[in-house]
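Nothing in this text is a laboratory measurement; each read-out follows from the coordinates by a stated rule. Since this is a predicted model, take the numbers as computed values, not measurements. Heads up, the Cβs are rebuilt from the backbone with ideal geometry, glycines too, and the neighbour counts pull from every protein chain shown.
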Amino acid sequence: MENSVLRNIEPKEVFRYFEDLTQIPRESGKERQVTDYLIAFAENHGLEWFRDEALNVLITKKASPGYEDRPGVILQGHTDMVCEKNENTAHDFDKDLITLVLDGDKITAADTTLGADDGIGIALALALLADENAAHPFLEVLCTSDEERGMYGAEAFDTSLLKGRILINLDSNEEDIFTVGCAGGPGVRTEIPIIREEAAPGWTALHIKISGLIGGHSGEDIHLGRANSIKLMARVLLAIDRETDFRLSDLRGGLKYNAIPREANAVIMIPESRLKKVKSAITDMEGELRNEYRVNDPEITVTFEASDPIAEIKPMSKLSTQSVVNYIYFAETGVIRMDMEFRDTVESSVSLGVVRTEEEKAILQTLTRSSLKSMYMEMYYKILRLAEQVGGRTELMSNCPEWEYNPDSHIKTIFQDTYKRMHGKDPGFVITHAGLECGVINRNSASPIDMIAAGPIARNLHTPGEYVSISSTARFWDFLREVMKSI
C-alpha cells in the first residue's frame, strides 16, 4: 500500500505501518482485512504467526543475539477502531479510506475518527518486529480483535499460547504517564416496552435536535464534565412536559455505548394550540444548557422544526412516554466517586451512551466503570432497579474485569528507571478509568503476568478530531527500544 501523506514523517518505520492501518476498514467486529494484512506482514518478515477464530493474531520473533536468556515480552494492542463521523459526512467505514490530515504536530482525520486508538500501538509493535537492528528479548505481538465493543477478542484468546511473563499494553495515550491498573465493569442493555396509540386530533409533530457537543471517551474523558446529549434531551422533554402534555414518537442518541453521546434527536407530538409555549420552553432550555456548559461544551445547540408524523410509527402512549423519559432522566451518568489513593483519578463512573426507539421497545445502552468490583456492581444493581421501576428488563452486553495495581511490579521499575535515565525526571503512574485488555488477559492466564500500559500522546479518542502527536510518537519509539534493552 503506497504511503502518501506520512511518507516523510519521522519515525518513518512507525508511521508507514500506521498509515497502512488507516487505509484498512477495521470497525469492531470487522477485522478480517486487517488480520490478513498482519499475516502478510509476518510472512514477509519470516515470522511465525497464529490467527484464531475470533480474529486475534499472535506474531512471534526470536530474541536478538545476547538477549536469549532474558524473559520474553508480550506487546499487545487491538486492531479494531471506533468509527464515528461528523454529521452529514458521507463516509462508509466499510469501504471508504480515512483521509489523513497533517496539522502541525498532529496527525488527524477529515471529519472521522482516526483510529490511533489503537492503530498507533499496533504500528509501534510492527515497527519493532521489522527492525533487524533492535535489541530485544523473545517477542510476542498479540493483536486482539473487537476491543472497543467489550474486549471480546481478548476474552476468546487462549492465553496458554503466551510464553512471555511480561506484557506491555500499547493502548495508553500519555507519553510520560504509565498505566499500572484499570477500571472494569459491565456494559448493560436495557429494554423498555412501548405501547403506541393513534395521534390525538389537533396534535402536531415536532422534531427536536441537540447537537454541537464535544463528546469523548466515556472513561478517559468522563471527568471533564462534558455534556451527554441523551441526558440533555430528557431535560428538554421534561421542560416541555411542564408546559403541555406530549407524546414521544421517536428518540435516538449516541452511536457507541463507550463514547459520550454528542447528538440526540426526538420526534414528539403536542397539541398544536400549545406550539408557541413549547417553542419558548425549548429556547429557554437551550439558553440554560449553554450557560451550564459554557466552558466544557460551548457549542451546544437545541433546534426544533415542524415534522411530518412518521407514518408507520404511531406516538407512544402517555405511560410509555413517561417510562422512557423518566428512565433517562433518573439514570446515573458521570463521575460517581474519585479514587481514595490516586486523588486525581476517577474511581467509579457510569455513562448512558446509546438510546433508540423501535416499534415495540426502547433500547438503551449503559457502561459502568470502576477500579473496585463492589462499586461497579453497585451501579449495575441501580440500573436493574431503575429498569424494573419503568417495566423494563436488562441484560449484560459485556463485563470487563478490573486490572488491580501491583506495587511490586518489576516492569514498572524498568519503565521508571529507563524514563528517568532518558529524560532526567520520574514519570507518572496512574490507574486509568478506561478499560484495558490487561484485566482480561491477567484473569484468563494460568500464570501471573507482570503488566504495564504505555503509548504516545493521543487525544479526542472515539470522536472526529482524534489525533496522535508526531513528536510524542518519536520520543516514545526511542523509549520503547531502550526498554527492550533493559528487560
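Just a few scattered comments:
- The chain, dipole about Cα centre (Lys/Arg Cβ +1, Asp/Glu Cβ -1), debye to the nearest 20: 960 debye
- Label sites at residue 422 and residue 8, each approximated as a point 7 angstrom past Cα along Cα to Cβ, lie 2.7 nm apart.
- Compared with the alpha-carbon gap, the fully stretched path from residue 32 to residue 447 is longer by 146.4 nm at 0.36 nm per residue.
- Sorting the segments 95-102, 275-282 by their residues' average number of neighbouring beta-carbon atoms within 10 angstrom, most packed first, yields 275-282, 95-102.
- Helical mean residue ellipticity (222 nm; -39500 (n - 2.57) per DSSP H run of 4+; nearest 500) of the chain: -9500 deg cm²/dmol
- Applying 0.36 nm per residue to the separation of residue 341 and residue 305 and subtracting their alpha-carbon distance, the gain on full extension is 8.0 nm.
- Cα centroids of the range 414-444 and the range 100-144: 18 Å apart.
- When each of 242, 70 is scored by the number of other beta-carbon atoms lying within 10 Å, the sequence from fewest to most is 242, 70.
- Helix 229-241 axis, angle to the chain major axis (alpha carbon atoms, nearest 10°): 10 degrees
- Think of the range 192-351 as a dipole: +1 on every Lys or Arg Cβ, -1 on every Asp or Glu Cβ, centred on the Cα centre; then among 244, 291, 254, 244 lies furthest on the positive end.
- Nearest-0.05 FRET efficiency for residue 68 and residue 283, computed from C-beta distance (R0 51 Å): 0.10
- Normalised contact order of the chain, rounded percent, pairs of Cα under 8 Å and 6 or more residues apart: 23 percent
- Note on residue 54 and residue 358: their simple-model spin labels are 2.6 nm apart, each label 7 Å out from Cα toward Cβ.
- Residues 231, 209, 373, sorted so that the one with the fewest Cβ neighbours within 10 Å comes first: 373, 209, 231
- Scoring 218-226, 142-150 by mean Cβ neighbours within 10 Å over their residues and listing the highest first yields 142-150, 218-226.
- For the pair residue 86 and residue 197 in one chain, pulling the backbone fully straight at 0.36 nm per residue adds 36.5 nm over the alpha carbon distance.
- Whole-Hz couplings from phi, Karplus 6.51/-1.76/1.60, listed for the range 252-260; x for Gly and Pro: 9, x, x, 10, 10, 6, 9, 10, 5
- The simple Förster model, with R0 at 41 Å and r as the Cβ-Cβ distance, assigns residue 486 and residue 296 a FRET efficiency of 0.50.
- 3J(HN,Hα) couplings calculated from phi for the range 442-459 with the Karplus curve 6.51 cos²θ - 1.76 cosθ + 1.60 (θ = phi - 60°) are, in sequence order, 5, 5, 8, 7, 6, 10, x, 10, 7, 10, 8, 10, 7, x, x, 5, 9, 9 Hz; Gly and Pro show x.
- Burial order of peptide ranges 168-180, 42-54, 393-405 (average beta-carbon count within 10 Å, highest first): 168-180, 393-405, 42-54
- Cβ-Cβ FRET estimate between residue 39 and residue 395, R0 fixed at 35 Å, reported to 0.05: 0.50
- Here residue 276 is the anchor, and the lysines within straight C-alpha reach of less than 19 Å, apart from those fewer than 8 places off in the same chain, are 209.
- Spin-label proximity, residue 95 to the range 25-42 - amide N less than 18 Å from point 7 Å beyond Cα toward beta carbon: 25-27, 30-34
- Distance from the range 212-249 to the range 251-310 (C-alpha centre basis), Å: 8 Å
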